[in-house]
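Trainee: Structure incoming, see below.
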Amino acid sequence: MNIAETIKETRRIVKEWKMQGLTVGLVPTMGFLHEGHESLIRRCAAENDKTVVSVFVNPMQFGKNEDLEGYPRDFRRDSRICQEAGAHLIFHPCPEEMYPPDFFTYMDMDTITEGLCGGNRPGHFRGVCTVVGKLFHIVSPDRAYFGQKDAQQLSVIKKMVRDLDFDLEIVGCPTVREADGLAKSSRNTYLSEAERQQATVIHRSLRYAEEAIAAGERDVKTIREEMIRMISQQPLADIDYVEFVDWGLLQPIEKLEKPALVAVAVRFGDTRLIDNYLWE
Ligand code: PAF
């Protein structure tokens, strides 16, 4: 497995592969890899001749009061996980490589970035779109892999690829969970024992929604109120949002119609966790 720290070196390696007619898959990450990332890398390696994993904590997608400095990092461990999961190249740039001092060009999107996480994290998706757009230009992958846990991000990237005519396929992959249902996330490591225990309510509330919908309930207010009640019972939980949106432009809905996304964001202390159920 190769490790490249520069855009030039990454392009050189990928160009050689492409000249041999090989297909290339990309798994963009911010490192501190867990089983969720691992499943993306394994799937990428199964579906492409060569797999590139980018490990870059992207400063542009963090807000002023967010955890950029404290974001967990362990590149040695990440490298081992990438190698074992079948990656061929890690692109591991420093912030200056991605954003030189005179950097002024951004990719951005309106409407579908305005609600859910975009509503509470202004500028977040501008940072995500810009870095992902750059990674697509640098690696020129045939396919790129993203987790369904970040459903809004997945939807935003699919839309960006369509609107700006990027020539690749975006592959959405299922959320990987702990045994008790909590979605795997690098941020889970921040949780205290009590927070970790109470955080399982996120998954339980989503299972409740899934069952209510399966039983024929179509009124968003009814399901949403019960979800809020369930989450609020946990003393350490502070709800950011419990939203029902259409799985297209991610606009709020009152009556459930397929495909729809039930999305939840809850803070436990300083840690903000998200999860969702996609009814399709
Ligand atoms: O999902 C993430 O880890 C990040 O948002 C991504 C896609 C790697 C862009 O920095």
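Trainee: Which numbered condition in (1) within 23 Å of R272 (Cβ to Cβ); (2) within 13 Å of the ligand (Cβ to nearest atom); (3) surrounded by fewer than 19 Cβ atoms within 10 Å (Cβ to Cβ) is the only one that D78 fails?
Mentor: The single condition D78 does not satisfy is (3).
Trainee: With under 18 Å from the mean Cα position of the chain (by Cα) and either of a type in the set (D, E, K, R) or surrounded by 15 or more Cβ atoms within 10 Å (Cβ to Cβ) (or both) as the only criterion, which of V53, V24, V14 stands out?
Mentor: That would be V53, the only listed residue that is under 18 Å from the mean Cα position of the chain (by Cα) and either of a type in the set (D, E, K, R) or surrounded by 15 or more Cβ atoms within 10 Å (Cβ to Cβ) (or both).
Trainee: Being under 16 Å from the mean Cα position of the chain (by Cα), more than 26 Å from D142 (Cβ to Cβ) and surrounded by 15 or more Cβ atoms within 10 Å (Cβ to Cβ) is the requirement here; does S155 meet it?
Mentor: no
Trainee: Could you tell me how many of the residues in the stretch 197-218 are farther than 13 Å from D180 by Cα and outside any helix (DSSP H, G or I)?
Mentor: The number of residues fulfilling the criteria is 4.
Trainee: How many residues does the stretch 23-66 hold that are under 20 Å from T10 (Cα atoms) and of a type in the set (S, T, N, Q)?
Mentor: 6
Trainee: Moving on. I need every pair where a residue in the stretch 148-160 that is in a helix (DSSP H, G or I) has its Cβ under 6 Å from the Cβ of a residue that is aromatic (F, W, Y) and within 11 Å of the ligand (Cβ to nearest atom), sequence separation at least 6 or different chains.
Mentor: As it stands, the answer is L154/F146; V156/F125, since those pairs meet every condition given.
Trainee: Being surrounded by 15 or more Cβ atoms within 10 Å (Cβ to Cβ) and more than 13 Å from the ligand (Cβ to nearest atom) narrows it down to one residue among E114, E84, E38, E96; which is it?
Mentor: E38
Trainee: Restricting attention to the stretch 161-186, which residues are surrounded by fewer than 18 Cβ atoms within 10 Å (Cβ to Cβ) and either of a type in the set (F, W, Y) or part of a helix (DSSP H, G or I) (or both)?
Mentor: Correct list: R162, D163.
Trainee: Let me ask another. Taking strands (runs of 3 or more DSSP E) that do not extend beyond the stretch 223-280, which have at least 2 residues that are free of Cβ contacts under 8 Å to residues at least 40 places away in the same chain, over 20 Å from G172 (Cα atoms) and of a type outside the set (V, I, T)?
Mentor: Hits in the stretch 223-280: 237-246.
Trainee: Next up: For G25, are the conditions met, namely being within 16 Å of the ligand (Cβ to nearest atom) and out of contact with any Leu (no Cβ under 8 Å at 6 or more places or on another chain)?
Mentor: Answer is yes for this residue.
Trainee: Sort out which residues of the stretch 1-59 are within 30 Å of A183 (Cβ to Cβ) and part of a loop (DSSP other than H, G, I, E, B), and write them in order of number.
Mentor: Correct list: M1, T23, M30, G31, F32, L33, H34, N48, F56, V57, N58.
No lab work stands behind these numbers, since they all come straight from the coordinates. Every value quoted in this text rests on a predicted model; they were computed, and no experiment measured them. So basically every Cβ, Gly included, is an ideal-geometry build from the backbone, and we count neighbours across all protein chains shown.
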